[in-house]
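Data first, discussion second: the structure below is written as structure tokens.
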Amino acid sequence: MKKLVLICSLIFIYSCETDVTSDITLAGSAPRLVINGGIERNTTTPLTEQRIRLTTTTGFLDDTDPLPVTNATIIVNDGNQDFEFLHTENGIYTNSGITASLNTSYTITIQWQGETYQGSDTLNEVTNFDNVYAVFEEETLFTDEGYFVKFDSTDPADIANFYYYRVFRNGEFVIVPDPGNSRTLVESDEFFDGLQRIEVNPNEEVIFELGDAAIIQQLGISEAYYEYLLELFVQTGNQGLSFVGNPPPASIRSNVFNLDTPSNRVLGYFYAADVEEESLIISE
Amino acid sequence: MKIFVNIVLGFFLITLQAQEKYTLSGYVKDAASGESLWAVTIITGSNQGTVTNDYGFYSITLPEGTYNVQLSLMGYKTSAQEIYIDKDTKLDFELEEDIAQLSEVTITSSGAKRTASVKSTEMSVIQLSSKTIKKLPVVLGEPDILRSIQLLPGVSSVNDASSGFNVRGGSADQNLVLLDDATIYNASHLFGFFSVFNTDAVKDLKLYKGGIPSIYGGRLSSVLDVKQKEGNIKKFGGTLGLGLIASKAMIEGPIGKGSNDEGKGSFMLAGRRSYIDLFAPLGGDDFQDTKLSFYDINLKTNYTINENNRLFLSGYFGRDVFELGSLLGTVWGNASGTLRWTSELNDKLFLQTSAIFSNYDYNLDNLRSGTEFRWNSNILNYNLKPRLTWYINDKNTIRTGLDVTYYNFQPGEIKPLEGSSVNPEKFREKFALESAAYVDFEQRISDKLSLQYGIRLSNFNRIGKDVILQYETGNPLTYNAVQDIYEENDVVGETEFGSGKSIENFYGFEPRFSARYLINDQNSLKLSYNRNYQYLHLISNTTSATPLDVWAPSGPFLKPQYSDQIALGYFRSFADGAYDFNIETYYKSLQDVTDFIDGADLLFTENIETQVAQGDGRAYGLELQVNKNKGKLTGWLSYTLARTERNVLGINNNEYYPANNDQLHELNLVGIYKLNDRWDFGANFVFGSGKPVTYPTGQYEQNGLVVADYQNRNGDRLPAYHRLDVSATLNPKKGKRGSWIFSIANLYNRQNAASIFFREISEVNDMDVATGETQATKLSYFGIVPSITYQFRF
């Protein structure tokens, strides 16, 4: 998809991109709390623990790793019971007592630096893959040649379903900032409710070689998380071309709110998702 | 109502005053082609005169006597004739093109020159002929109307790759773009690099930036009225143009056999096609499945039924095609047809009636495996515009008429392609009827003071068949001030409306006024005020117009937008009209303009009301222009100082923020130099201070990607924009017909920033990976672009 820029360059003869990082000085802002994580129900490879990471923001052009937040208190309630997440390392908090269940609303409460943050999400059931397989494809305008993992899946009729796709290559989660993400990694069944989709590529940027181990996951997510991710992928895939969509960007709003000082907002999302997973070794 | 009574009273008074006078009327035409000439100034005595209308018709009522009638129009030789009037007289005039003036850039900006403004009270109006436009340096070898008007004060470009334009702080959708009276909804080809107007098919244009007369309505900021050529009524001919991007052909000629070696009518047919796609194979296999092209066809015919009645039929059809391999394809275009009938009911009453059809539609094909589908959307309207002009006497003219439009919006229909797993679905169609009645008075109070005033009463009726959703609190969105966020309300029910049943009715009272005070022959002052209503909203989350933008009608959840503009101007001419100077200042306030809420998703969204918020805007500025109208070197210098801001609840912490098109300084310098009979040289220089941009204030990681955080909308500025273009035209030798136009756009290769955007670097050694490293990137569209065009007349 990145090559879209290349095509446009060719077509419009001299259009070009210049790295101006060193010319730009950004005003920056006070660090904000960032949440990254949620509750996942995976019946294929059951999780031993649930993980949530807390960090703070850094300047956009700063070349630093996210700053971990190690001294917060995190409680997740499943409607009946509180579960405390404890800090392990590098801003990661875990809990192994909580059981992810369908049709359950999870509420997170974070206490940090004297302020309380709260938000919730609901875990909805996801449908299975009908079939998962590898397909070899020639080089195209947008991608190099190689093997792609594809799937068939039948959407349950008469309920609104929202999907998020994750692909792992040799055990490592792969994602690339790309304009195509917003149309590939998340899907709403608005236009295919109740139908079987075939040969769907869950991530067009991930190419496999023979012998690679592939895992693909189909996550059932809430509508609110779908909208959050859609905006996230639109913004991270922005190529600056006004005619393919270049809205003045805005802060992507979290589902977690600061109860004490609303304007001191938290960023990121606390999600709950059901995970359908398949794995395969790429062969001819 | 009181105003109405006054107007009617005034009307009778005027009639009573009419005494023993006779009417001189007729048409003014081009001597060579027989094309009717628009806006010709006709002077019959000291400060007495009139101007021809859109069809070249004039009428003036005078006491018995001998008059020295002078006709003048930029680019034509002034004609003078002594006429004795002792009865109502019909007289047609022909004007000859002034060869010496042909290379001059002529721009009529309601200047102070007596000849141009004896009768005109118009201000903030610019008139450009297609001949002038063709003299200006061009980008990619294709003269373009929309790029030319961007060289004028108060008109700015959306960006290099956009034919969208902003007038006095208005957004691109607030311009009423008319082609032979038909509304053009998307004036761009190739995503905006070209406009839909083929200069070979266009006669001239008028742009109203303010003081918009009551005969026009429906948009807030400007009216661009483009007229197609009628075609040569005396002999067959044509032109052929070969450019680097597109080629075009135009033929014209008489129809039937009339009097004086003229036809009973004439026709003009023009076509244009791009051929960038023909070069695509040069890009190798990669580009095999890539398509990008456009074409358009213009047609105009007219037929003289009898002395007093003429019929005109004009049409436009254009298409763009863009396809990217197995990813997406899109086709879009405008189609319009106008049938007009003009009738001189008598020598003082001129009736014109237009029946118009206009359609804009696009397809978007999603070609990704598994969910291939085609998405269709269109906006269709039928429009009827009768107008009666009454030339009461040499001091008073009244125009009155109706403007009725029926709209059918098809927001979208989805169909599966190649038997893919997509359910066919159709978003609800929407219907509306927009009607307006107007009256416009042009009145000369004294030798010095002229007025033009009128009102337009408009009504917009959203009608069924439709289903309107009911939201929990009555509104689709609720602004949560504590969290500074819009929350979507639940749908609790729906109301069905039968076919033709009124859903919501809006009324607009639109007064218009302009006055001109002639201090002396060289100086005049002008003042204008206008209120305009706009009932259609272009919902777009991009800074420039894209083919996929959605036009949404006002209705239960979307209020009409309206604006008030006041402008004051001073005009002066020097050295017998060789130079003129004008300065105008304006203040414009806008109400209920739409902006999308943060994070809006517009494509494939049926209930658009859940994605937009309405707020206010303000724009003010100062425009200066100096024209050099005579001599070997002609041209203009213009400067604009302007500010444009918006205030929308929930955006930018509820504070005023710069609109996307806010630009503090803009300077244009345009010159054409005529070296000799064969060579013309042209140059233009453009400078604009930086437009707003939103820079990120921080970064964080989410789902493996680096995400930017933002605070204030449009809080930063792009670098300043400047560019120099030059051109040279080699005109044919006597008896030869071909001419060459060489031009170089952006001569000193300035990489102007169309945008600066921030992203995570996603490529290392040609491998796609998320690196976690960030970058600021400047995108520019044109460096230096040479081009060559060959034009042949036959």
| request: Having 1 or more residues that are among the small types (Gly, Ala, Ser) is the bar; report the strands (runs of 3 or more DSSP E) wholly within the range A:169-284 that clear it. | output: A:186-188, A:213-220, A:267-281
| request: State the number of residues belonging to the range B:590-611 that are within 9 Å of another protein chain (Cβ to nearest Cβ), in contact (Cβ under 8 Å) with a residue 40 or more places away in the chain and either small (Gly, Ala, Ser) or not in a loop (DSSP other than H, G, I, E, B) (or both). | output: 2
| task | Considering only the range B:36-96, give the strands (runs of 3 or more DSSP E) lying wholly within it that have at least 2 residues that are outside the structural domain of B:ASN346 (by TED's automatic domain parsing), within 34 Å of the chain's Cα centre (by Cα) and hydroxyl-bearing (Ser, Thr, Tyr). | result | B:41-45, B:57-63
| message | Checking the structure you have, find out if any residue of the range B:692-706 is over 22 Å from B:ASP160 (Cα atoms), in contact with a helix residue (DSSP H, G or I) (Cβ under 9 Å, 6 or more places away or on another chain) and not polar (S, T, N, Q). | response | yes
| note | Within the range A:155-183, residues modelled with pLDDT under 90 and within 12 Å of the chain's Cα centre (by Cα) come out as A:PRO177, A:ASN181, A:SER182
| Checking B:GLN751 against (1) surrounded by fewer than 22 Cβ atoms within 10 Å (Cβ to Cβ); (2) farther than 30 Å from A:GLY268 by Cβ; (3) more than 8 Å from every other protein chain (Cβ to nearest Cβ); (4) in contact with a Ser or Thr (Cβ under 7 Å, 6 or more places away or on another chain), the condition it does not meet | (3)
| query | For residues in the range B:314-339 being polar (S, T, N, Q) and either out of contact with any Leu (no Cβ under 8 Å at 6 or more places or on another chain) or outside any strand (DSSP E or B) (or both), which is nearest to the other protein chains (Cβ to nearest Cβ)? | reply | B:SER326
| said: Would you confirm whether or not the range A:219-232 contains a residue that is at the interface with chain B (Cβ under 8 Å from one of its Cβ atoms), more than 30 Å from A:GLN118 (Cβ to Cβ) and out of contact with any Leu (no Cβ under 7 Å at 6 or more places or on another chain)? | reply: no
| In the range A:104-129, what residues are over 21 Å from the mean Cα position of the chain (by Cα) and not in a strand (DSSP E or B)? | A:GLN113, A:GLY114
| When you go through B:ASN393, B:ASN383, B:ASN359 one by one, which is the residue that is surrounded by 20 or more Cβ atoms within 10 Å (Cβ to Cβ), out of contact with any Pro (no Cβ under 9 Å at 6 or more places or on another chain) and within 23 Å of B:LEU299 (Cα to Cα)? | B:ASN383
| request: Please give the number of the condition B:GLU701 fails out of (1) more than 7 Å from chain A (Cβ to nearest Cβ); (2) touching a strand residue (DSSP E or B) at 6+ places or on another chain (Cβ under 9 Å). | output: (1)
| task | Please find, among A:TYR133, A:TYR147, A:TYR164, the residue that is assigned to a strand (DSSP E or B), assigned by TED's automatic domain parsing to the domain that holds A:TYR228 and in contact with a helix residue (DSSP H, G or I) (Cβ under 7 Å, 6 or more places away or on another chain). | result | A:TYR164
| note | Per the filter on the range A:36-54, residues more than 9 Å from chain B (Cβ to nearest Cβ) and assigned to a strand (DSSP E or B) are A:GLY37, A:GLY38, A:ILE39, A:GLU40, A:ARG41, A:ASN42, A:GLN50, A:ARG51, A:ILE52, A:LEU54
| Residues in the range B:71-120 that are among the aliphatic types (A, V, I, L, M), closer than 26 Å to B:SER446 by Cα and modelled with pLDDT under 85: how many? | 4
| query | Got a sec? Which of B:PRO696, B:PRO719 is surrounded by 20 or more Cβ atoms within 10 Å (Cβ to Cβ) and in contact (Cβ under 8 Å) with a residue 24 or more places away in the chain? | reply | B:PRO696
| request: Among the residues of the range B:397-412, write down those that are at pLDDT 90 or above and within 30 Å of A:LEU195 (Cα to Cα). | output: B:PHE409, B:GLN410
| Are any residues in the range B:779-794 more than 7 Å from chain A (Cβ to nearest Cβ) and crowded, with 19+ Cβ neighbours inside 10 Å, and if so, which ones? | B:SER787, B:THR789, B:GLN791
| query | Is there a residue being without any contact (Cβ under 8 Å) to a residue 12 or more places away in the chain and either on the phi < 0 side of the Ramachandran plot or in the same structural domain as B:LEU536 (by TED's automatic domain parsing) (or both) anywhere in the range B:511-519? | reply | no
| message | Checking the structure you have, find out if any residue of the range B:366-379 is part of a strand (DSSP E or B), surrounded by fewer than 21 Cβ atoms within 10 Å (Cβ to Cβ) and away from every other protein chain (no Cβ under 14 Å). | response | yes
| When you go through A:ASP130, A:ASP82 one by one, which is the residue that is within 20 Å of A:PRO202 (Cα to Cα), surrounded by fewer than 17 Cβ atoms within 10 Å (Cβ to Cβ) and not hydrophobic (A, V, I, L, M, F, W, C)? | A:ASP130
| message | Out of B:ALA708, B:ALA776, B:ALA770, I need the residue that is assigned to a loop (DSSP other than H, G, I, E, B) and buried (at least 17 other Cβ atoms within 10 Å of the Cβ). Which one? | response | B:ALA770
| task | Could you check how many residues of the range A:155-177 are closer than 21 Å to A:ILE198 by Cα and more than 9 Å from every other protein chain (Cβ to nearest Cβ)? | result | 11
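The values are calculated or read from the model by the stated rules, or taken from the named source; none is laboratory data. Quantities reported herein were computed from a predicted structural model and do not represent experimental measurements. All Cβ positions, even for glycine, are placed from backbone atoms using ideal geometry, and neighbour counts span all protein chains on display.
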